[in-house]
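Enquirer: Got a structure for you, written out below as structure tokens; questions coming shortly.
The values are calculated or read from the model by the stated rules, or taken from the named source; none is laboratory data. Quantities reported herein were computed from a predicted structural model and do not represent experimental measurements. Cβ coordinates were reconstructed from backbone atoms using ideal geometry, including for glycine residues, and neighbour counts include every protein chain displayed. The accessibility values were calculated without ligands, DNA or RNA, using every heavy atom of the protein model including side chains. Shrake-Rupley method; radii C 1.70, N 1.55, O 1.52, S 1.80 Å.
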Amino acid sequence: MTDLSQDNDATSLIPPHIIIVDDDEAMRISLAQWLELSDFTVTVYEDAREALRDITPDFAGVILTDVKMPKLDGITFTRSVLSADPDIPIILMTGHGDVPMAVDAMKSGAYDFVEKPFEPKDIVESLERAIEKRRLVLENRDLRRLIASRGSLDSRLIGNSAPIRTLKDEIANIAPTEVPVLISGETGTGKELVARAIHDLSDRRDEKFVAVNCAAIPESTAESELFGHEKGAFTGAASQRTGWIEHAIGGTLFLDEISSMPLALQAKLLRVIEQREVVRLGSNAPIKVDFRLICATNEDLVAAVAERRFREDLLFRINTFELSIAPLRERKDDVALLFDIFAERAAENFNRPYERITPVLIGQLKAHDWPGNVRELKNMAERYVLLVGSPEERFKRLFKAGFETPMADTANPALADQVREFEERIIRDALDRNDGNIKAVMEELDIPRRTLNEKMKKLNIRRDKPL
């Protein structure tokens, strides 16, 4: 018998695994043969009780089970599997009279059902979708285990998409050096988090990390804030003050939103970087300073130089190595994991229960553009935990417009296709559940008839077409 607890790291190198549970020998043999020809690894069981004993939470595949079986029926079997792992995809094979029972099972967590008689090729597409879902679940679990077991970069920068993996590699590469780093990225992408990760992986990890938001310092006090001042240096200087640069000696100085720094101050900062010394206001005595410089910006500094808002010589000094953080809309594969972790943390902090969201709601998260990036996602996850009602009801309130989530920018065809596929799946599933009853679909999706009609026309969905 095939080993059901396969190494998840190798799942991309082995054929997808399907378990078939059916007391009909002819069905088991024909279905297994067809799926093996379709490059699946297949394990068959006549008795659901035997299958139940062999299925573990690490099972990297999909289960196909008949509903009507002696000894242990498919519905009870499904409930038992899902109680052990609610994320294992189970597809029910039903007779016509068992459809209502299968629909109820789907509401309880079953992935899909097919009605007999059917052609084996007709369920391959559903199996492939279910395999992909299972793969993502197991990848996320592996990553969560890694995060829990390591106090390293993986625990700070959560995600497994290509952009975030590249970013982690670059941070690990540059952190042990002393070169100045410029971090660029949109608001909310986590620039300070990256700066702290660089500091904590450097030889200065035991010294101070001094973060200064240049945009938050009034221009009138900016020089004193950065360089410090002596007592009596100006009106109101009642005592000596150590500036942020001096305070960072031995550690890391992080200048966030550096493009907001006035030009006059940029010139003085350049001198500090070049001379490695600072002079307090009201003093002539230079103070030697040793610090690692990390800067961050949410705008194009080359353009700022062209517009004479930023010094070109300072730009050369601060961007010896540049790190670019991709916006969340360019790493949608991380959205579900981030939401899950933020929501779990919020549930623990607020002492609230956390009900995980369904694949349909995950699709809605991925369809969103996230202009506020990770910060916006974190805020939404926290609000989700604090709201009451079903996950679907909470999402309607979170997005405020319910099903009317803004369509993707047509300039981004991949995202537009993703949203179109998401909407089509929701409508077709709702029509299927409600036997084509438009009024019932309107009520379930909470959208007006005109909107539903327009979307069905746009997506070429007709009630008389097979769903």
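Enquirer: Output the direction-averaged projected area (hull surface divided by four) of the convex hull of the alpha-carbon atoms of the stretch 14-146, in nm². Intermediate values should be presented prior to the final figure.
Expert: Values: hull surface 30.7 nm².
That works out to 7.7 nm².
Enquirer: Please find the FRET efficiency linking ASP435 to GLU119, where r is the Cβ-Cβ separation and R0 is fixed at 30 Å, and quote it to the nearest 0.05.
Expert: On the way: r = 23 Å, r/R0 = 0.77.
Given R0 = 30 Å and the Cβ-Cβ separation, E is 0.85.
Enquirer: Oh, and also: Angle check, please: helix 449-458 long axis (alpha carbons) against the longest principal axis of the chain (alpha carbons), in degrees 0 to 90, nearest 10.
Expert: Helix 449-458 sits roughly 90 degrees off the main axis of the chain.
Enquirer: First measure r as the distance between the Cβ atoms of LEU263 and THR235, then evaluate 1/(1 + (r/R0)^6) with R0 = 30 Å and state the FRET efficiency to the nearest 0.05.
Expert: Numbers: r = 24 Å, r/R0 = 0.81.
The calculated FRET efficiency here is 0.80.
Enquirer: Spelling out what I want: for every residue of the stretch 203-217, take phi, set θ = phi - 60°, compute 6.51 cos²θ - 1.76 cosθ + 1.60 (Karplus), and round to whole Hz; glycine and proline get x.
Expert: Result, rounded to whole Hz: 6, 9, 4, 8, 9, 6, 10, 10, 9, 10, 8, 4, 6, 8, 8.
Enquirer: Relative to the longest principal Cα axis of the chain, at what angle does helix 25-37 sit, 0 to 90 degrees, rounded to 10?
Expert: 40 degrees
Enquirer: Shifting gears a bit: Within the stretch 306-370, what whole-number % of the accessible surface is contributed by carbon and sulfur, with the 1.4 Å probe and all protein chains included in the calculation?
Expert: Numbers: 1510 of 3430 Å².
The value for the stretch 306-370 is 44 percent carbon and sulfur by accessible area.
Enquirer: Under 5 Å between amide H atoms, partner at least 5 residues away or on a different chain: which partners does ASN319 have, H built in plane at 1.01 Å?
Expert: The answer is none.
Enquirer: Shifting gears a bit: How many angstrom lie between the C-alpha centres of the stretch 204-230 and the stretch 65-109?
Expert: Cα centroid of the stretch 204-230 versus Cα centroid of the stretch 65-109: 62 Å apart.
Enquirer: Would you please report the Å³ per residue occupied by the convex hull of the alpha carbon atoms in the stretch 158-284? Could you put the intermediate results ahead of the total?
Expert: Working: hull volume 15.3 nm³, N = 127.
So the per-residue Cα hull volume is 120 Å³.
Enquirer: Here's another thing I want to ask about it. Calculated FRET efficiency, ASP206 and ASP58, Cβ-Cβ r, R0 41 Å, to nearest 0.05?
Expert: On the way: r = 39 Å, r/R0 = 0.96.
According to the calculation, E is roughly 0.55.
Enquirer: Please check which bits of the stretch 255-286 a label hung off THR242 would reach, taking the label as a point 7 Å along Cα-to-C-beta and the cut-off as backbone N under 16 Å.
Expert: 278-281
Enquirer: Roughly how many Å² of LEU361 are accessible to a 1.4 Å probe, to the nearest 10?
Expert: Surface open to solvent at LEU361 totals about 10 Å².
Enquirer: Related question: Expressed in nm², what is the orientationally averaged projection area of the convex hull enclosing the Cα positions of the stretch 241-332? Write out the running numbers ahead of the final one.
Expert: Working: hull surface 29.2 nm².
For the Cα atoms of the stretch 241-332, the hull's average projected area reads 7.3 nm².
Enquirer: Using +1 at the C-beta of Lys and Arg and -1 at the C-beta of Asp and Glu, which of GLY250, ILE461, VAL99 has the Cα lying farthest in the positive direction of the dipole of the chain?
Expert: GLY250
Enquirer: I've got another one for you. If one puts a single equal scatterer on every Cα of the stretch 34-90 and applies the Debye formula without solvent, what log₁₀ I(q)/I(0) results at q = 0.24, 0.25, 0.29, 0.30 Å⁻¹?
Expert: -1.03, -1.10, -1.32, -1.36
Enquirer: Something else: For the chain, what proportion of DSSP beta bridges, expressed in % and rounded to the nearest 5, is antiparallel? Don't skip to the end; give the middle numbers.
Expert: Details: 3 of 39 bridges.
So the antiparallel bridges amount to about 10 percent of the total.
Enquirer: So who's got an amide H within less than 5 Å of the one on VAL44, skipping anything under 5 residues away but keeping other chains? H placed 1.01 Å off N, in plane.
Expert: Amide H to amide H, under 5 Å and 5 or more residues apart or across chains, VAL44 pairs with ILE20.
Enquirer: What's log10 of I(q)/I(0) for the chain at q = 0.06, 0.08, 0.11, 0.14 Å⁻¹, Debye sum over Cα points only, no solvent?
Expert: Here log10 of I(q) over I(0) equals -0.40, -0.64, -0.98, -1.33.
Enquirer: Now for a different question. In whole Hz, with x marking every Gly and Pro, tabulate ³J(HN,Hα) for the stretch 388-397 from phi via Karplus 6.51 cos²θ - 1.76 cosθ + 1.60, θ = phi - 60°.
Expert: Couplings: 10, x, 5, x, 5, 5, 5, 5, 4, 6 Hz.
Enquirer: Still on this structure, please answer the following. Of all the Cα-Cα pairs you can form in the stretch 287-393, what percent are over 25 Å apart? Each step should come with its number before you reach the end.
Expert: On the way: 2555 of 5671 pairs.
Summing the P(r) tail past 25 Å for the stretch 287-393 gives 45 percent.
Enquirer: Next up: Under a 5 Å amide H to amide H cut-off, with H placed in plane at 1.01 Å, what residues pair with VAL114 once short-range neighbours are removed?
Expert: Amide H neighbours of VAL114: LEU92, MET93, THR94.
Enquirer: Same structure again: Give a residue-ordered list of calculated ³J(HN,Hα) values for the stretch 368-385 (Karplus: 6.51 cos²θ - 1.76 cosθ + 1.60, θ = phi - 60°; whole Hz; x for Gly, Pro).
Expert: 6, 7, 6, x, x, 6, 4, 4, 5, 4, 4, 4, 5, 4, 5, 5, 4, 5
Enquirer: Any chance you could look up the accessible area of LEU270 with a 1.4 Å probe, heavy atoms only, rounded to 10 Å²?
Expert: Accessible area of LEU270: about 10 Å².
Enquirer: Still on this structure: Given charges of +1 on the Cβ of Lys and Arg and -1 on the Cβ of Asp and Glu, with all other atoms neutral, how large is the dipole of the chain about its Cα centre, in debye to the nearest 20? Intermediate results must be reported in sequence, preceding the final value.
Expert: On the way: 64 positive and 81 negative charges, 352 e Å.
Here the chain has a charge dipole of around 1700 debye.
Enquirer: What distance in nm separates the simple spin-label points at ARG425 and GLU50, each placed 7 Å from Cα in the Cβ direction?
Expert: Placing both labels 7 Å along Cα→Cβ, they lie 3.5 nm apart.
Enquirer: Which order do peptides 336-346, 244-254 fall in by mean Cβ count within 10 Å, highest first?
Expert: Values: 336-346: 18.7, 244-254: 21.2.
Result, highest mean Cβ count within 10 Å first: 244-254, 336-346.
Enquirer: Moving on. Ignoring everything except DSSP H segments at least 4 long, calculate the 222 nm mean residue ellipticity for the chain; use -39,500 (n - 2.57) per segment, divide by total residues, nearest 500.
Expert: On the way: 20 runs with 216 residues, N = 467.
Value at 222 nm, helices only: -14000 deg cm²/dmol.
Enquirer: So, one more: Could I have the simple spin-label model distance between ILE287 and PHE316, label points 7 Å from Cα toward Cβ, reported in nm to one decimal?
Expert: It is 3.0 nm.
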